[in-house]
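Notes follow once the structure below has been shown.
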Amino acid sequence: MIRMDAAQPPWRRVATALEQRIADGTYAPGSRLPGAVPLSVEFGVAPSTVAKAVQDLKRRGLVTASPGWGTFVV
């Protein structure tokens, strides 16, 4: 669960945590990210918050989405 009293918005904290996991190899290139619901439970946020975080990672080129298959690390 992420802290909700930090200065950054929740979606940014989730995006930062996922980015760190990509950087440290927890999510290796080509691996599929967990879905929004499992991540929302893990981080204690709404699935829409996770979706916004993942959109940010997509925008920055760290992940790519394949409809019907999931979101994968680039």
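The values are calculated or read from the model by the stated rules, or taken from the named source; none is laboratory data. Remember, it's a predicted structure, so these values are computed and weren't measured experimentally. Every residue, glycine among them, receives a Cβ derived from its backbone with ideal geometry; neighbour counts consider all protein chains shown. All accessible areas refer to the heavy atoms of the entire protein, side chains included, with ligands and DNA or RNA removed. Shrake-Rupley method; radii C 1.70, N 1.55, O 1.52, S 1.80 Å.
Applying the selection to segment 50-70, what residues are open to solvent by 30 Å² or more (accessible area, probe 1.4 Å) and either part of a strand (DSSP E or B) or touching a helix residue (DSSP H, G or I) at 6+ places or on another chain (Cβ under 9 Å) (or both)?
Ala51, Lys52, Gln55, Arg60, Leu62, Thr64, Ala65, Ser66 - these are the residues of segment 50-70 that are open to solvent by 30 Å² or more (accessible area, probe 1.4 Å) and either part of a strand (DSSP E or B) or touching a helix residue (DSSP H, G or I) at 6+ places or on another chain (Cβ under 9 Å) (or both).
So in segment 10-46, with the set limited to residues that are open to solvent by 60 Å² or more (accessible area, probe 1.4 Å) and free of Cβ contacts under 8 Å to residues at least 40 places away in the same chain, which one is farthest from Val73 (Cα to Cα)?
Going through the qualifying residues, I end up with Val41.
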